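Structure record follows, encoded as structure tokens.
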Amino acid sequence: MSEMGARYDHRARLYRRFWEPVLAPAAIRLLDAIEPVVAARPTSHLLDAGTGSGTLALAAARRWPHVRVTGLDIAAGMLAVARAAAAGLAQPERARLALVEGSVVDPEAAGLAPASIDAMISSFVLHLVPDRAAALAGLRGVLRPGGMLAFVVWAQDRPWAPEAAFDAALADVLARSGFAPPPPVGGPRAGPIASAAAARAELEEAGFVEIDAWEPALHHRFGRAAARAFFVEYDRAEELAALSPAVQAEVLAAFDASLARLPDRAFAWHARLAAARAIGPPGG
């Protein structure tokens, strides 16, 4: 398993509490993007590439009674969370849902046949893969000619005052203590797609056609306590765990002091995204 897969395995139980509510509204809009292709076929096979806790896969199973849905994810822990959530589906919906362990870079290795998918969606995943071109090629390989891919990713790193406060507190305490910063977690990643134009260019390079790209926004209002918990218990928990108890306590004290100085409006998070949909070329 990759470093990124191991990271999400480790944090799977907390993902649904801390991260899913932030991302879900932007993710669900992908279902509207693929509606024309899915609705046009009496039976369709939909792939949720990087399904995570299953938000999109479960929503698709509920929305389209004629669609068979496969959720693919590299982290077994995340799939366990998705399977627990799927227990809430009606039996006919569960019967049309499969949750499969595997990589979006090589979905055929997970048992997906070439040109077997009518439509695919990917939410906040393609910035995490080490090589996005390889991931797009792998996904295109299992998409039928004329099928549709739709995705959304970050268009920028998250510029948010509470996160800047955490980074500043960590850097200041480590500098004064003489400790090196904790190593990066998750391994190499492709990173954000800077704009709709950049998303279009990457899809063209990967051989997709009829590309439509846009720049939606993500808005989420955290309370002060919820923002602190997000960083301390989830987003930066691994970095904190790598520190000695004394240094960790000092970082948290500095972080809390910084948060206390921020106005309430600073806890509303607004981020720019890149989204696109495209068609697989007639030749596959």
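The values are calculated or read from the model by the stated rules, or taken from the named source; none is laboratory data. Keep in mind that what you see is a predicted model, and the values were worked out from it rather than measured. Please note: Cβ atoms are built from the backbone with ideal geometry, for glycine as well, and neighbour counts cover all protein chains shown.
Cβ-Cβ distances below 7 Å connect no pair with a first residue in region 91-113 that is touching a residue at least 24 places away in the same chain (Cβ under 8 Å) and among the basic types (Lys, Arg), a second residue that is in a loop (DSSP other than H, G, I, E, B) and surrounded by fewer than 16 Cβ atoms within 10 Å (Cβ to Cβ), and a separation of six or more residues or different chains. If the condition is being surrounded by 17 or more Cβ atoms within 10 Å (Cβ to Cβ) and not basic (Lys, Arg), then region 190-207 contributes Ala190, Pro192, Ile193, Ala196, Ala199, Glu202, Leu203, Ala206. Taken over region 237-251, the criterion of being over 12 Å from Pro182 (Cα atoms), touching a helix residue (DSSP H, G or I) at 6+ places or on another chain (Cβ under 9 Å) and surrounded by fewer than 16 Cβ atoms within 10 Å (Cβ to Cβ) is satisfied by Ala246 alone. Residue count for region 252-268 under the criterion of being farther than 17 Å from Leu170 by Cα and buried (at least 19 other Cβ atoms within 10 Å of the Cβ): the result is 1. When each of Ser195, Ser177 is tested for being more than 23 Å from Gly280 (Cα to Cα), among the hydroxyl-bearing types (Ser, Thr, Tyr) and touching a residue at least 60 places away in the same chain (Cβ under 8 Å), the lone residue that passes is Ser177.
Looking only at region 208-217, residues that are surrounded by 13 or more Cβ atoms within 10 Å (Cβ to Cβ) and over 24 Å from Ala271 (Cβ atoms) come to 1 in all. Of all residues in region 78-135, those being surrounded by fewer than 22 Cβ atoms within 10 Å (Cβ to Cβ), under 17 Å from Val67 (Cβ atoms) and either charged (D, E, K, R) or under 15 Å from the mean Cα position of the chain (by Cα) (or both) number 3.
Remark: pairs (first residue in region 25-51, more than 26 Å from Trp269 (Cα to Cα); second residue assigned to a helix (DSSP H, G or I) and among the acidic types (Asp, Glu); Cβ separation under 8 Å; 6+ apart in sequence or on different chains) are absent.
Only one entry of Ala201, Ala266, Ala194, Ala180 meets the criterion of being outside any helix (DSSP H, G or I) and either out of contact with any strand residue (DSSP E or B) (no Cβ under 8 Å at 6 or more places or on another chain) or of a type in the set (D, E, K, R) (or both), and that entry is Ala180. The one condition from (1) assigned to a strand (DSSP E or B); (2) surrounded by fewer than 21 Cβ atoms within 10 Å (Cβ to Cβ) that Gly187 does not meet is (1). Look at region 7-24: where a residue is closer than 15 Å to Thr55 by Cα and a partner is at pLDDT 80 or above and of a type in the set (Val, Ile, Thr), sitting 6+ places away or on another chain with Cβ atoms under 8 Å, you get Ala12/Val81; Arg13/Val81; Tyr15/Val81; Arg16/Val81; Glu20/Thr55; Leu23/Thr55; Ala24/Thr55. In region 218-236 there is at least one residue matching the filter, namely being closer than 30 Å to Ile117 by Cα and either surrounded by 16 or more Cβ atoms within 10 Å (Cβ to Cβ) or over 26 Å from the mean Cα position of the chain (by Cα) (or both).
On the basis of being touching a His at 6+ places or on another chain (Cβ under 8 Å), under 17 Å from Ser122 (Cα atoms) and either of a type outside the set (A, V, I, L, M, F, W, C) or modelled with pLDDT under 95 (or both), does Arg189 make the cut? Yes, satisfied.
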